[in-house]
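Each remark here refers to the structure printed beneath this line.
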Amino acid sequence: MGFSIPERAARTYDSGNEPFTGTTMPCIGDAVAGILQRPGATANKFLRIRSLEVTQNEILAAFEEATGEKWSVTSVSTKDIFEKGKAKLAAGDMGAILDLMVVQLFEEGAGRSIVVTKEDSDNELLGLQEEEDLSAVIKGILSPA
């Protein structure tokens with residue numbers, strides 16, 4: 001995702017403001033439990049869940065707040081990564097896959113990384129909270145139980 005906790009460094013792509021959705025591991029576990037508790041309502045359905053809709057800059061701000069430190073930031077162009085990824089792929093370098101995934105996720109204005117909107121998610125059906133608190137998620141990453 002572009003964050004190095006030990007180094008207090010972030011690598012953001014384009015402006016760092018492209019929104020994307022994510023799902024935390026606890027949310028995935030709760031979703032599985034919700035499915036098992038509601039077999040009639042969930043049988044043979046493609047279910048979509050989400051924990052957060054966030055940007056890299058919002059994550060960076062949450063890390064800086066939680067650590068009380070200013071992080072170093074390197075900004076990278078997804079256009080440059082895309083060109084490098086195409087060249088790697090043409091040369092048979094499978095490292096290109098990571099480059100192309102970064103472009104898929106973070107290309108400014110592409111809007112490809114909102115997997116599901118709040119309104120269309122199945123969080124309510126599964127008994128999940130609507131959204132997790134980013135600050136709490138970041139604190140959990142920094143101080144795992």
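Structure notes:
- Its alpha carbons give the chain an Rg and a Dmax of 17.5, 50 Å.
- Farthest towards the positive end of the charge dipole of the chain, among the residues L134, A66, G34, is the Cα of G34, using unit charges on the Cβ of Lys, Arg, Asp and Glu.
- Net charge of neighbours whose Cβ lies under 12 Å from the Cβ of L142, counting Lys and Arg as +1 and Asp and Glu as -1: -1
- Relative contact order of the chain, taken over Cα pairs closer than 8 Å and 6 or more residues apart, is 37 percent.
- Pair-distance profile P(r), taking every C-alpha pair of the range 1-69, with 10 angstrom steps and integer %: 17, 35, 25, 17, 5
- In this calculation the C-beta distance from I141 to E83 is compared with R0 = 30 Å, giving a FRET efficiency of 0.40.
- Net charge over other residues, Cβ less than 12 angstrom from the Cβ of G22 (K, R count +1; D, E count -1): -3
- Overall dimensions of the range 67-145, expressed as equivalent-ellipsoid semi-axes from the Cα gyration tensor (√(5λ), whole Å, largest first), are 31, 21, 13.
- Per residue of the chain, the DSSP helices (runs of n ≥ 4 H) give a summed -39500 (n - 2.57) that works out to -12500 deg cm²/dmol at 222 nm.
- Antiparallel content of DSSP bridges confined to the chain, in %, to 5: 50 percent
- Subtracting the Cα-Cα distance of L47 and A61 from their residue separation scaled by 0.36 nm leaves 1.9 nm.
- Projecting the Cα atoms of Q104, S77, V115 onto the charge dipole of the range 75-145 (Cβ charges, centred on the Cα centre) puts S77 farthest toward the positive pole.
Read the figures in this text as sums done on the coordinates, not as results from a lab. These numbers were taken from a predicted model, which means no experiment stands behind them. Every residue, glycine as well, gets a Cβ built from its backbone with ideal geometry; the counts of neighbours run over all protein chains shown.
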